[in-house]
Each structure stands twice: as structure tokens, then as C-alpha cells.
Amino acid sequence: EDKVVQSPLSLVVHEGDTVTLNCSYEVTNFRSLLWYKQEKKAPTFLFMLTSSGIEKKSGRLSSILDKKELFSILNITATQTGDSAIYLCAASKNKLVFGAGTILRVKS
Amino acid sequence: GAVVSQHPSWVICKSGTSVKIECRSLDFQATTMFWYRQFPKQSLMLMATSNEGSKATYEQGVEKDKFLINHASLTLSTLTVTSAHPEDSSFYICSARVSSRTAGELFFGEGSRLTVL
């Protein structure tokens, strides 16, 4: 059975801290790993990772995939209160298999 | 990025009625759309994969007669919750795949919150 596991389930940090969110997966016919940020409504796309070892960056966010160890991490540096959200990772095959998400709260 | 519109954004209905939710890709054609359900503080649970011009593929445990999916055009998929009951109250989200060649990037609608009284 396909599964995607995220850790931690929730996290509270102070503004300026750096956080690392983890995502491990066991999915047949794996194609790519995606990260989404969900605030009040629907998830918004952050990254899609297909190859191992190539870091993708967007501002203070970065992510990398390890296809040998079957995991990905999402880093957020210099966190801001606006980073507070649920961060979802999903393994893509012919559909997306989502993890349970990490609830991040950044305190001012 | 690509835009996916979902309507209505929220709906309240009486038990026993049916509710239709629409998902439209506004600036691209989507041969495949996905319908998810999300309970409070939980992740997205895939309900079904909607394919244009053919029957939807339902995930295990999802009643196809309860959740009717129609994908009549390349820009519109609908989810009808038939004979809704309070336990069907949830947040329903659709997504559409931009590229048919690869896994591609999924864009999500803003979701529809259904409350069944």
C-alpha cells in the first residue's frame, strides 16, 4: 500500500527560526515528489522534485529529494508569521498520494 | 499559474438533498481532474480521478453511487453528492493536471465547504 509520512505533525517556532520539514514515501511507480502550502483554502504549489540531490529554491524556501532513501525535506529559513500554514507533501504516480501534513505556526 | 475555479465555495443543505459542485479549468484544458475530501486538520484524501469523456476512477471505499462525477468537457468536472447526510459534511477540493505527458503540476480549486444539516 502506498504511503507518505510527514514529520513533525506540528511545529511552533519563533520568527527568524529555520525549520526543516520531513517527508518519507513508499509509493509504487513513483514519478515525483511535490510540496504544497495550505492556508485557509486550497493548497498552493511550492515545488516539484523529480531528480535526487538537486536542490530547488524559491526565496526562503528550499527542498531536496533523495530517491535512494525515499525522502524529501522542505527548509524554510528566517521564518515569518506568514509562513504559518499546513505544509503537505505528495508523491506523484498517476495520482497524488498525500501525507498528513505538518502544521507550522510561526510566532512573532 | 493555471487557474482552477470551484463553485460553490460553500453550501448548506438539508439531509437527503443532492448537491452539485463544479470544477473548471479557466485557462487550460484538463483531460484529468481529481476530487479530494478533507476533514478538519487532516490531509487531502483522494476520492476519484475524473477523466474527460469516460467514467471516473474511484478510490477504494468511495461510493460511486453516492459521489457522482461527470467530466463532460475538457474544462469542467462536476461532483454531485447524492442524498447528502451530515457525515458527508466536509471540505471538497478539485485539482486539475496541466501536463498530460508527465506527472505535471496540479493546480487546485479553492474548495467547497459542504454542511449538511
Checklist entry - In the set B:Thr115, B:Thr57, B:Thr49, which member is more than 9 Å from chain A (Cβ to nearest Cβ), hydroxyl-bearing (Ser, Thr, Tyr) and in contact with a strand residue (DSSP E or B) (Cβ under 9 Å, 6 or more places away or on another chain)? => result B:Thr115
Checklist entry - Of A:Leu65, A:Leu46, A:Leu88, which residue is touching a Leu at 6+ places or on another chain (Cβ under 6 Å), in contact (Cβ under 8 Å) with a residue 12 or more places away in the chain and either among the hydrophobic types (A, V, I, L, M, F, W, C) or assigned to a loop (DSSP other than H, G, I, E, B) (or both)? => result A:Leu65
Next on the checklist: Out of B:Glu105, B:Glu87, I need the residue that is over 12 Å from the mean Cα position of the chain (by Cα) and at pLDDT below 90. Which one?
Outcome noted: B:Glu105
Checklist entry - For the subset of the stretch B:1-14 comprising residues that are at pLDDT 90 or above and farther than 18 Å from B:Arg37 by Cβ, which member is farthest from the other protein chains (Cβ to nearest Cβ)? => result B:Lys14
Checklist entry - Listed residues B:Ala84, B:Ala96; which is within 27 Å of A:Thr102 (Cβ to Cβ), touching a residue at least 60 places away in the same chain (Cβ under 8 Å) and more than 11 Å from chain A (Cβ to nearest Cβ)? => result B:Ala96
Next on the checklist: Quick check on the stretch A:50-88: of everything there that is of a type in the set (Lys, Arg) and more than 13 Å from chain B (Cβ to nearest Cβ), which residue is farthest from B:Leu114 (Cα to Cα)?
Outcome noted: A:Lys68
Next on the checklist: Can you find, within the stretch A:30-49, the residue that is surrounded by the fewest Cβ atoms within 10 Å (Cβ to Cβ) among those that are facing chain B (nearest Cβ under 7 Å) and at pLDDT below 85?
Outcome noted: A:Lys41
Item to check | Per-region count, the stretch B:49-84, residues farther than 23 Å from B:Gln29 by Cβ, within 14 Å of the chain's Cα centre (by Cα) and hydrophobic (A, V, I, L, M, F, W, C) | outcome: 3
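The values are calculated or read from the model by the stated rules, or taken from the named source; none is laboratory data. None of these values were measured; they are calculated from a predicted model. Reconstructed Cβ throughout: ideal geometry from the backbone, glycine too, with neighbour counts over all protein chains shown.
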